[in-house]
Amino acid sequence: MDLNMKVLVVDDFATMRRILKNVLKQIGFTNMIEADDGSTALAVLKKDEVGLIISDWNMPKVSGLDLLKTVRSDESMKDMPFLMVTAEAQKDSVVQAVQAGVSNYIVKPFTPEAIKEKLEQIFKK
Amino acid sequence: MEDYLNTAKNLVDKLALEVVMLEPKDVPGLGVVLNRLDEVVGVFTGAGRETFAGLGKAIKSIGEKLVLGELPAPEQGLKQIEDGVSLFQEILRDADNIEAASEKIARFLSECGLSDAADKLPPPPCPPPLAQTGFSRATACFEEVAPLAQTGMTGMTHPSKAVAPGRAGRASRGRVWEGGESEEDAADKQGGAILDIAQDRELVENFIMEALEHLGTIEVNVLALEHDPENLEVIDAIFRPFHTIKGVSGFLNLSDINRLGHEVETLLDDARNQKLTVDEAITDVVLDAVDLMKAMINHLRQQLETGTVEPADFGLEAFLDRLRRIQVGEVEQIQSKAADVPEGDGTDTGSILVEKGIVTEQDVARALEKQAGPPRSDKKIGEILLEDKKATAREVAGALRDQKVLREGAGVSERGAEAVHFIKVDTEKLDNMVDMVGELVITQAMLGQDMTDLVSQDKKLYSNMGQLKRITAEIQRISMSMRMIPIKQTFQKMIRLVRDLSRKSEKKATLEMIGEETEIDRNMVDEIYDPLVHMVRNSVDHGIEKPEVRKAMGKPETGTVTLRAYHKGGNIVIEISDDGRGLDRDKIIARAIERNLIRSGENISDQEIYSLIFQPGFSTADEVTDVSGRGVGMDVVKRAIDKMRGALDIDSAKDQGTTVLMKLPLTMAIIDGITVRAGDRDYIIPTASVVESLRPDRADCTTVVDRGEMIKVRESLYPLVRLHELFDFEPAHHNPWEAIVVVAESDARHKCILVDELVGKQEIVIKSLGAQLKGVKGMAGGAILADGRVGLILDVPGLFEISENHS
């Protein structure tokens, strides 16, 4: 796992983005950018070279699932590591995300260790 | 026939390859397998081979459980998938022997603790659209399968046993899996802090700010939902922020907020999945939840600010109880509510229903007959149609909603969830910047003046100076606009106010907003809030009559309070009008004479009479009824507006309503002023207060007994205010006919201010006078003028006041 890679954190709630960034910092990541919605995330993806997307599911305009589908349908990003953050209330729809090709998912609230474990799983291959 | 078998064989072969590579935690791999299984199931379903499709679904359900981490032993699950796929390959080799295949499939299912019931139950085991409260739902599904599964099965794990270790497994794996609403999980959640709050105070502060903001939008959306209860987008726009607040509060270990968020979310989720019809009880409880959550968050803020940790009782348990009761609420209530929605004039419910093809014209005619009586019925057309079983409650409710849309234009749904992107900047920083830009503008002006001679000789310098001037002007414009925000948010808060007030006072009132996109200085938003609340409250409490009264007068039962904002000549104007009973002119006069505010027989305009209600004397409780209820604390409004250098205007017509006009400067940082010189001093009079300026004829200057020096301006006599007497300096001219008088207005009263000369008109950045001089009457602040001199800004209402005390 390359800790210098650019991580795109997508969540409409600024506090949540902050929490995620803190957790990522604790893990050792140094390079993080934010987007507050799937649509802004796509704009970032067009511009920046991103190594990992961590996205919330529930967002106003373009949801995490839609973002995932768009990313996967793009030839240049179809293998991009994508970690979906969901709340426990959506556990069953996790299957949808998995079928849409999510790299892994994590349920809120999570510990830094848990997210680290998920990321290691993603980058193991 | 052969075709589908070949396709299936191909697919299953691919599947087998994919499964061999699979590891229990390989999420993307599982995704590929699940997709492949969908294809397989599709092929068999298409060919009518339900038994085979059932096997596919069963394997998929194991895969899903693996994904969700619901299997106590993932390796075993993987093995089952492998076995299932092998079985597929096996039976496909001998696809015609259906009996043998069925038997093998049944055996496989029973070995896996599934049954052939999976085939009969709607696939997948937990249909995603309904699925929400994760764990409990999953359990429920399992139990549904159980009784069927037990018949004639051997060696299967009892479902309830299968679940228990699953839960234990999850708990031991750390906090990744926080389950639904079960007690154990909740206790687990409180077990340890996920993030240390003490380490990131800023995070909590952020949360407080953001959560409050979100609650604000929830409020607006709930009100939109009231008008359009089936709009899923609006429900979603309410659901989402609750969900997010819940999620983040979980991280911050704010368990009470988390629980409240969770319960509301559950309720809204039912509404979202159309298991619950949104009615008044639901919007009420959601609004109450917003209030409760606000209270809890404010309490948290207090704790953070003061460092105390005193617990507060918000009655959360009782509230959660109420929430849960509503969630399982009866359907009956909803039906009666639907027909209860008030019906207005214009596009009537009947014709909408006819147009939709739900009822016939005859049905409506019959219902109308019934309504007309005898006996005359108070029932709405919708209700009667409902009784006659011509239409369902849902259809009537739908028609009523269409009616609303028809009448209002399609405004409601748009209010749902529009997001503009903002960055947050500390207002103090912004203020500093605006201040500095003000200085920049002044420096540029001074520089321009100093270099006038040089500039005229040097063409290059001339163009550069011109450029500098343009740029500074642009910077000033931009920096001012950065503090401007739409008045919408402030207006929207009034929707709730009108709703609550009218409900409390048993009146019907709606709020209309016009021009809510009008922008206003951020610093003024807080200032206008209280006066606005006051006036809206007055309009509903005392302006709008009870429905019976209104009906008797031939007015629509529902009163309207209108908020309107617009720009007019460098000012922002906010109008608050109602169609209520209006002010009682005679009573105000009587009251004013009684209180010595005016003399009887004095000739004063209606405007001036109505303005009297802004006098402090009109604000005690027993006058509420005397003056048609107006004047309750209106002096408070007046003072607040004065503080903003604004003006109030009031107009009213008996039985037709009252309109209050708030005229405010666009910003509090800059005023448009007229610079005047008196003696060796420069003063600035806010242009908004200036009516005209003139040099009076000698004959127009008179002295009236008891009222002092007066100047006759056309047909009116205005008192003269001598600045040099008030501020003690030597003027160039003592006689008004040699000097100039500026006619200034405040409170619909006019006075003439004596000055030596008019210097010019300019935009002035207001500088505060500092703490020592803050209370000085008649002065609003200081300013640096274009020539670098310091001028004092006159506060006209204050000046009038001291001139009256002086003489």
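The values are calculated or read from the model by the stated rules, or taken from the named source; none is laboratory data. What you are looking at is a predicted structure, and each value in this text was computed from that prediction instead of being measured. Note that we place each Cβ from the backbone using ideal geometry, even for glycine, and neighbour counts take in every protein chain shown. Just so you know, the surface numbers come from the protein's heavy atoms only, side chains and all, with ligands and any DNA or RNA stripped out. Shrake-Rupley method; radii C 1.70, N 1.55, O 1.52, S 1.80 Å.
Could you list the residues of the stretch B:34-66 with an amide nitrogen less than 14 Å from a label point located 7 Å from the Cα of residue B:3 in the Cα-to-C-beta direction?
B:43-44, B:46-48
In the structure shown, do any of B:493/B:546; B:469/B:643; B:25/B:60; B:663/B:751; A:46/A:69; B:469/B:663 have a Cα-Cα gap over 25 Å, and if so which?
Distance filter (> 25 Å) returns B:469/B:643; B:469/B:663.
Quick one: which of A:25-31, B:52-58, A:113-119 comes out on top by average Cβ neighbours within 10 Å, and what's the full order, highest first?
Packing proxy ranking, top to bottom: B:52-58, A:113-119, A:25-31.
In peptide A:109-122, what is the residue-averaged number of other protein chain Cβ atoms found within 10 Å of each Cβ?
Averaged over the peptide's residues, the number is 4.
Counting Lys and Arg as +1 and Asp and Glu as -1, what is the net charge of the other residues whose Cβ lies under 15 Å from the Cβ of residue B:467?
+2
So what is the calculated 222 nm ellipticity per residue for chain A, using -39500 (n - 2.57) for each DSSP H run with n of 4 or more, over all residues, to the nearest 500 deg cm²/dmol?
-12500 deg cm²/dmol
Work out the FRET efficiency for residue B:595 and residue B:443 from their Cβ-Cβ distance, taking R0 = 60 Å, and round it to the nearest 0.05.
0.70
Other chains' Cβ within 10 Å of B:241-254 residues: what's the mean?
For peptide B:241-254, the averaged partner shielding equals 5.
Kindly compute the accessible surface that chains A and B hide from a 1.4 Å probe when together, both sides summed, and give it to the nearest 100 Å².
Its buried surface, counting both partners, is about 4300 Å².
Distance cut-off 22 Å, Cα to Cα: go down the list B:555/B:654; B:568/B:654; B:638/B:712; A:21/B:488 and report the pairs above it.
B:568/B:654; B:638/B:712; A:21/B:488, as the Cα separations exceed 22 Å there.
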